[in-house]
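Asker: The structure's right below; bear with me while I get my questions together.
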Amino acid sequence: MSNAKLHIDIAQGTIEAEGSEDFVWKVYEDFRDNLQPNMVSKDRPDNQTQAGDQETPPPVSSGGRKPRPKRVTNNKVAKESTPGLRSYRPKLVDDLDTRGIKEFIAPYAMTNHYNNIVAFVKFLESKGRKPATFDQVFTCYRDAGIKLPVAFPQAFIDARRNKGFIEFTGSEDVDLTIRGTNHIDHGGMNKPAQA
């Protein structure tokens, strides 16, 4: 995997990132999404973009240093291009048939929210609910007796962006990707054998 380097200096606000291209790209996207319009100089040349403009990111260069850890804030939902997620509040689906959910998830290591979401979307597929919705997954969490993520929509964003296990464009159309299907069907989530 190649390393990349990014350096931005908006009136010496400065942001530097080094690491894999994916990591640098994510840092750039987070920076771009959080950029305030008043941070961009009013007397900028016409060839520069303002915050929110859809342009290609600045070029990245190869480097050999170790990546710096990215600061993560757990108390807010990341700004995503998926509309409506910041204001989304989960609701129970009263008519959802979740009988057998505990038996369905029993062979799987439900150790993190990535695995939980993959297992619940697979369960919902087995019940004919494809694509799944955030509310259906929320109901599965409750009926399976598994602790909910504090930032519920963020768990879906992370499962999509960090792991590539699911895809969605809103809270009503969650599907497993090939990677997510392989993760659950071919041993990525199996509990270790007990001796």
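The values are calculated or read from the model by the stated rules, or taken from the named source; none is laboratory data. What you see is a predicted model, and the numbers here were worked out from it, not measured in a lab. Cβ: placed from backbone, ideal geometry, glycine included. Neighbour counts: every protein chain shown.
Asker: Could you list all residues from the range 135-187 that are modelled with pLDDT of 95 or more and among the aromatic types (Phe, Trp, Tyr)?
Answerer: Phe138, Tyr141
Asker: Before we move on, is Leu85 at pLDDT below 95, surrounded by 17 or more Cβ atoms within 10 Å (Cβ to Cβ) and either among the β-branched types (Val, Ile, Thr) or not in a helix (DSSP H, G or I) (or both)? Quick ask: steps written out before the conclusion?
Answerer: Details: at pLDDT below 95: yes; surrounded by 17 or more Cβ atoms within 10 Å (Cβ to Cβ): yes; either among the β-branched types (Val, Ile, Thr) or not in a helix (DSSP H, G or I) (or both): yes.
Considered against the rule, which asks whether it is at pLDDT below 95, surrounded by 17 or more Cβ atoms within 10 Å (Cβ to Cβ) and either among the β-branched types (Val, Ile, Thr) or not in a helix (DSSP H, G or I) (or both), Leu85 comes out as yes.
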